[in-house]
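Taking it in order: structure first as structure tokens, then the write-up.
The values are calculated or read from the model by the stated rules, or taken from the named source; none is laboratory data. Worth saying up front: this structure is predicted, and the values here are computed from it rather than measured. Positions of Cβ are backbone-derived with ideal geometry, glycine not excepted, and every protein chain shown enters the neighbour counts. Heavy atoms of the whole protein, side chains included, go into the accessibility calculation; ligands, DNA and RNA do not. Shrake-Rupley method; radii C 1.70, N 1.55, O 1.52, S 1.80 Å.
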Amino acid sequence: MNRHIIVIGAGMGGLTAALRLRSAGYDVTILEARNSAGGLASGHQKGGLTFDSGPYILLDYPGLNWIFEKLGLDLSALNLKAVDPVYQVNFLNGVSLEFYRSVEKTADQFEKMWPGAGARYSFFVQRMTKLHDVFRPNLYKSHPDIFSALKTGAWKYTPFLFRSLSAVLKQSDLPQAVCNSISIWTHVAGQKVHTAPSPMAFVPALIHKYGAYFPENGIRSIPEFLEKAVLNAGARIQFQKQVKKIITENRRVKGIKIEDEFLPCDAVISNTNGLATYLNLLDETVPQILNRLRKLPLQSPGVCLYLSVDQKERTPYLRFLLPGNSELCRLFVNGPGKTARLIAPLLYKDAKAMSEHDFQKFIKKLLSETWWQSDGLTWKLLDVRTPERWGSDFFLYENSMNPVMTASSFRSGRLEHKSPWVDGLYLAGSSTNPGQWVSFCGISGILAADLVKQHLH
């Protein structure tokens, strides 16, 4: 088969798309603007240590397993390590809650603090697990939305999708501290609980049913493994090749442009930000969606501090602080070896309004806080990434990661894997799938590749 596909970006979605297409015999070239693969799941070297760049910190095990099965790869090669406790949430009033793999152990902790809360938590997890199992098949479809649920016979559960995360948590009748701890992931994703989609409540179900895992050598080892598989399969990866334009004719992709060079192809899979694909890369505008895209709320990558640490205890793996007063969380991540990251999510509008002086003041405040500095911990700051640096280092659209996923955008569906406006254009990455897990990006690449095969066979 001589069909040539160009993949823009060697992130998780670009790598899985390339592998899927090579297995079907397509000629595949990946063009990556950076000098390494992995995108935001890649590594970062500083001070003789290698860190995960961020923001990915945990794995969706069933999703990652699905990817490796579809690509014919051996998941055991990643040497996944179980994380337990999975995460800890600290409050300014001294309360500290831990979420373990065991639902019983987690519920017992709540029961001791709030009599009756343990049973309510166990019931909540049981219910979310059932709903998760009903809706999960939609994750492996090219355009997951409420209508997919109708087609799979899950119609009686669809009212759940019309609710926000806050409504689901309110119905659980759990203590507010527990609800805040369950919804901590909305902080990381730049969401507000009252607008976040109901499936965010599935996180406890995933933790207690499948557990939480982390590759021995960090999240970065996943794209490193996939990159080797891509090259072994015969696909090409060209680094430091920033695509300037996707060239079309009568709304049909003809190729791409790098500087003054035109590269023809039969289709393009864009693994760069979906908004950037439509608003910046296409050589002709698509009026039907311009206003819609420009109105989407953006997610800031926040601030990340890379630390060299020495400590006696390296558990728990994830430690959060909820400062209160509508302030977003902080997160301390114990990485492999002597690496650690101190992450502070920021709302996009707040990050946009901050000056360099504001960021320096904010960083100084983060380093002075004591909640993450456990007994016996010594540390050294090696590097810092602010939103502007995230943008320049990773060629991000408007220094953002993705559009924020809200309950309404989840129901209407995110950006389609196959463009309905430009023939031969396909999208991969987290802007096309309802979630922020690194596995979701990989899943999106496979779904985009399958659509290419379907339309170019």
So Lys418, is it under 30 Å from Glu284 (Cβ atoms) and either of a type in the set (Gly, Ala, Ser) or open to solvent by 10 Å² or more (accessible area, probe 1.4 Å) (or both)
yes
One residue is enough: does region 61-76 have a residue meeting the conditions within 19 Å of Leu15 (Cα to Cα), of a type in the set (A, V, I, L, M, F, W, C), surrounded by 15 or more Cβ atoms within 10 Å (Cβ to Cβ) and touching a Lys or Arg at 6+ places or on another chain (Cβ under 8 Å)?
yes
Mind listing whichever residues of region 169-188 are under 28 Å from Asn399 (Cβ atoms), hydrophobic (A, V, I, L, M, F, W, C) and open to solvent by less than 10 Å² (accessible area, probe 1.4 Å)?
Ile184
Selection within region 133-158 - surrounded by fewer than 19 Cβ atoms within 10 Å (Cβ to Cβ) and at pLDDT 85 or above:
Asp133, Val134, Arg136, Pro137, Tyr140
Suppose we keep only residues that are out of contact with any Lys or Arg (no Cβ under 9 Å at 6 or more places or on another chain), not polar (S, T, N, Q) and not in a helix (DSSP H, G or I) within region 219-248. Which one would you say is nearest to Glu284 (Cα to Cα)?
Lys241
In region 1-28, anything over 21 Å from the mean Cα position of the chain (by Cα), open to solvent by less than 10 Å² (accessible area, probe 1.4 Å) and either at positive phi or not aromatic (Phe, Trp, Tyr) (or both) is listed as Ile5, Ile6, Leu21, Val28
Residues that are in a helix (DSSP H, G or I) and of a type in the set (Lys, Arg), drawn from region 159-218
Lys170, Lys209
Taking into account only those residues within region 272-330 that are among the β-branched types (Val, Ile, Thr) and either without any contact (Cβ under 8 Å) to a residue 12 or more places away in the chain or outside any loop (DSSP other than H, G, I, E, B) (or both), which is most open to solvent (accessible area, probe 1.4 Å)?
Thr285
Of all residues in region 306-361, which are in contact with a Gly (Cβ under 7 Å, 6 or more places away or on another chain), at pLDDT 95 or above and within 19 Å of Gly43 (Cβ to Cβ)?
Ser308, Arg341, Ile343
So which residues in region 249-261 are open to solvent by 20 Å² or more (accessible area, probe 1.4 Å), farther than 18 Å from Asn273 by Cα and either in a strand (DSSP E or B) or free of Cβ contacts under 8 Å to residues at least 24 places away in the same chain (or both)?
Glu249, Asn250, Arg252, Lys254, Glu259, Asp260, Glu261
How about region 362-375: which of its residues are farther than 14 Å from Leu305 by Cβ and open to solvent by 50 Å² or more (accessible area, probe 1.4 Å)?
Thr370, Asp375
From Arg319, Arg294, Arg330, which residue is among the basic types (Lys, Arg) and under 29 Å from Val452 (Cα atoms)?
Arg294
Within region 60-95, the residues that are in contact with a Leu (Cβ under 9 Å, 6 or more places away or on another chain) and aliphatic (A, V, I, L, M) are Leu64, Ile67, Leu71, Leu73, Leu75, Leu78, Leu80, Val83, Val86, Val89, Leu92
Enumeration of residues in region 67-87 that are over 30 Å from Ala448 (Cα atoms) and of a type outside the set (D, E, K, R):
Ala82, Val83, Pro85, Val86, Tyr87
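Give the residues of region 4-52 that are of a type in the set (Ser, Thr, Tyr) and in contact with a Phe, Trp or Tyr (Cβ under 8 Å, 6 or more places away or on another chain), sorted by residue number.
Ser36
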On the basis of being open to solvent by 30 Å² or more (accessible area, probe 1.4 Å) and within 30 Å of Leu279 (Cβ to Cβ), does Glu356 make the cut?
yes
